[in-house]
Amino acid sequence: MKSRITGRTRVLGIIGSPVTHSLSPLMQNAAIEALGLDFVYVPFAVTADGLLPAVLGLRNLGVAGFNVTIPFKTAIIPYLDKLSPEAELMGAVNTVNREDGLLVGYNTDGAGLVRSLEAELAFAPHGAHVLVLGAGGAARGAVAALCNAGVESVTIANRSHSRGDDLVSCFKGVFPQVELGSSSLDILGSSDSLRRIDLIVNTTSVGMNNTSFDGLDTSLMNPAACIYDMVYAPLETPLLKAARARGLKCANGIGMLAAQGEIAFAVWTGCAPPDGLMKGCLLAAIEG
């Protein structure tokens, strides 16, 4: 935390419910201190029915910007003045910046995923065939970002097949050049389907508490394929253990968490944080 705060110090923060577990203050303040910027980043706990008063308060207090986490990423949209193209496409906001007195919503999650895929797995999405596990908000952001990055196809696999269909319907008109489809989780045991997949992205909470996907047979996958698990606690989920046992390249969600934070930091400050600093802070906190 910044040791000397004055009347000129600009305030950044995060709103959500809960926020006590958030690692964002740790990595954002580390970047602020490393660059010697006159900012401070603090958590703001907001009750489920207190979002509008909270946004009005942050606006009136002149807060420079803030992150938005569960459960407000979609609910906050009506209270903002403007959205970036990415946030509008994804229907969710995780970063808000004050610009000429206006509150502008951004979504840095998708770009964070693509950056992490490149950094952690040397994976270039262009022309790839991707299987996305889950059909919630995180899946929506992942699908939009991957389509923007030029993948050839995305299959959305979810327990509720209809939710996957809904997500496909949302994006088919936006990305006509991408082959979009949905499936049940039975696809995880299909050799014909898995052989053509270059990347699996888990956007669900499966993996926390050592839970796993029933029926996934990593031996059916292309040996050159990659697996990305957005879960980062534990650092090695059953999905990642299975991938490593087969010699597949894989990574957890720490890189994405750090990357989306780096992009948000640049939106607020106009500066890039030191390479690897945020990820190092996150790893130290989780391993500790």
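The values are calculated or read from the model by the stated rules, or taken from the named source; none is laboratory data. Here the structure is a predicted model, which is why all the values come from computation and not from measurement. Here the Cβ is made from the backbone with ideal geometry for all residues, glycine too, and neighbour counts use every protein chain on show.
Just checking, which of Ala111, Ala34, Ala119 is in contact (Cβ under 8 Å) with a residue 60 or more places away in the chain, in a helix (DSSP H, G or I) and in contact with a Leu (Cβ under 8 Å, 6 or more places away or on another chain)?
Step by step, each of Ala111, Ala34, Ala119 is checked, and only Ala34 is in contact (Cβ under 8 Å) with a residue 60 or more places away in the chain, in a helix (DSSP H, G or I) and in contact with a Leu (Cβ under 8 Å, 6 or more places away or on another chain).
Of the conditions (1) touching a helix residue (DSSP H, G or I) at 6+ places or on another chain (Cβ under 6 Å); (2) of a type in the set (Gly, Ala, Ser); (3) in the same structural domain as Pro18 (by TED's automatic domain parsing); (4) free of Cβ contacts under 8 Å to residues at least 60 places away in the same chain, Gly101 fails just one. Which one is it?
(1)
For Gly255, state whether it is in contact with a Pro (Cβ under 7 Å, 6 or more places away or on another chain) and crowded, with 21+ Cβ neighbours inside 10 Å.
It is false that Gly255 is in contact with a Pro (Cβ under 7 Å, 6 or more places away or on another chain) and crowded, with 21+ Cβ neighbours inside 10 Å.
On the given criteria, is Ile187 crowded, with 17+ Cβ neighbours inside 10 Å and under 24 Å from Asn94 (Cβ atoms)?
no
Each row is one residue, and each column tells you yes or no for (1) under 24 Å from Asp214 (Cα atoms); (2) in contact with a helix residue (DSSP H, G or I) (Cβ under 7 Å, 6 or more places away or on another chain); (3) modelled with pLDDT under 95.
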position: Lys249; (1), (2), (3): yes, yes, no
position: Gly261; (1), (2), (3): no, yes, no
position: Phe265; (1), (2), (3): no, yes, no
position: Gly276; (1), (2), (3): no, no, no
position: Ile286; (1), (2), (3): no, no, yes
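Give the residue, chosen from Asp38, Asp49, that is of a type in the set (Asp, Glu) and over 21 Å from Glu262 (Cα atoms).
Being of a type in the set (Asp, Glu) and over 21 Å from Glu262 (Cα atoms) holds for just one of Asp38, Asp49, which is Asp49.
Output the residue which, of all residues in the range 44-58 that are in a helix (DSSP H, G or I) and free of Cβ contacts under 8 Å to residues at least 24 places away in the same chain, is surrounded by the most Cβ atoms within 10 Å (Cβ to Cβ).
Gly57
Does the range 59-78 hold any residues that are out of contact with any Lys or Arg (no Cβ under 9 Å at 6 or more places or on another chain) and part of a helix (DSSP H, G or I), and which are they?
Hits for the range 59-78 are Asn60, Ile77, Pro78.
Given the conditions (1) crowded, with 16+ Cβ neighbours inside 10 Å; (2) modelled with pLDDT of 95 or more; (3) of a type in the set (A, V, I, L, M); (4) under 23 Å from Glu120 (Cα atoms), report the number of the one that Ala224 does not fulfil.
It is condition (1) that Ala224 fails.
As an exercise: evaluate Gly110 against (1) farther than 17 Å from Ala259 by Cα; (2) out of contact with any Ser or Thr (no Cβ under 8 Å at 6 or more places or on another chain) and give the number of the one condition it does not meet.
(1)
Scan the range 77-111 residue by residue and report those that are hydrophobic (A, V, I, L, M, F, W, C) and surrounded by 23 or more Cβ atoms within 10 Å (Cβ to Cβ).
Those that are hydrophobic (A, V, I, L, M, F, W, C) and surrounded by 23 or more Cβ atoms within 10 Å (Cβ to Cβ): Ala87, Met90, Ala92, Val93, Val96.
Quick check on this structure: which one of Gly50, Gly57, Gly91 is of a type in the set (Gly, Ala, Ser) and under 30 Å from Ala149 (Cα atoms)?
Values: Gly50 fails: under 30 Å from Ala149 (Cα atoms); Gly57 fails: under 30 Å from Ala149 (Cα atoms).
Result: Gly91 is the single residue among Gly50, Gly57, Gly91 that is of a type in the set (Gly, Ala, Ser) and under 30 Å from Ala149 (Cα atoms).
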